[in-house]
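Please read the structure below before turning to the comments.
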Amino acid sequence: MTYAGDVTPQDAYAAVTGPERGVLVDVRTRAEWTYVGTPILPEDAPPLLLIEWVGFPDGAVNSSFVEQLRDAGIQEGTPLYFLCRSGVRSVAAATAATAAGLGPAHNILEGFEGVHDDQGHRTVTGWKNAGLPWKQG
């Protein structure tokens, strides 16, 4: 594994709201943040970082991703928890952060929306479906 490992949404929430002071990094696109929603963290938690892993609509990888993490104040040794829609882009982001000497970097399994149900809707797993705090718009 090229990053610190996978965690559930519940474990990630505990890590970023507890004494570990981990940082939640949402790597989805601006469109997803706007139209699908974003996690909500308590005021005393480190702020949520919104840094795209890929751009929309072109899907090009953000070549400034690691630089943007550093510009946001992330330093070596800061525990990072990466979130995308379903837990795929966040693996790539955690891998890139680890390669740059940041982290420990974790992937949040199931992402913000999780996997599809039998009817093709994302209502089964993920941050939203785990009952963790979030807002839309």
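The values are calculated or read from the model by the stated rules, or taken from the named source; none is laboratory data. Owing to the predicted nature of the structure, the values given are computational and were not obtained by experimental measurement. For neighbour counting, all protein chains shown are included, and Cβ atoms are generated from backbone atoms with ideal geometry for every residue, glycine included. Keep in mind that these areas ignore ligands, DNA and RNA; they rest on the heavy atoms of the full protein, side chains included. Shrake-Rupley method; radii C 1.70, N 1.55, O 1.52, S 1.80 Å.
Structure above, values below:
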| quantity | calculated |
| --- | --- |
| Cα principal axis extents for segment 59-136, largest first, Å | 41, 27, 21 |
| Mean accessible surface per residue for segment 5-137, computed with a 1.4 Å probe while every protein chain stays in place, in Å² | 49 Å² |
| Amide H within-cut-off set for G103, under 5 Å, with H built and near neighbours excluded | G77, T78 |
| Solvent accessible area, Å² - T95, 1.4 Å probe, full protein context | 40 Å² |
| Derived scalar couplings ³J(HN,Hα) [segment 52-61; Karplus, 6.51 cos²θ - 1.76 cosθ + 1.60; whole Hz; x for Gly, Pro] | 5, 7, 10, x, 10, x, 6, x, 6, 5 |
| Heavy-atom accessible surface of segment 31-129: percent carbon and sulfur, 1.4 Å | 51 percent |
| For I108, net neighbour charge (Lys/Arg +1, Asp/Glu -1) across residues whose Cβ lies under 14 Å away | -1 |
| Long-range tail of P(r) for segment 31-93 (Cα pairs > 17 Å, %) | 47 percent |
| DSSP beta bridges in the chain [antiparallel fraction, %, rounded to 5] | 20 percent |
| Per-residue ³J(HN,Hα) for segment 5-13, Karplus 6.51 cos²θ - 1.76 cosθ + 1.60, θ = phi - 60°, Hz, x for Gly and Pro | x, 9, 9, 6, x, 5, 5, 5, 4 |
| Cα gyration tensor shape for segment 1-117, rounded if a/c is under 1.5, else prolate or oblate | rounded |
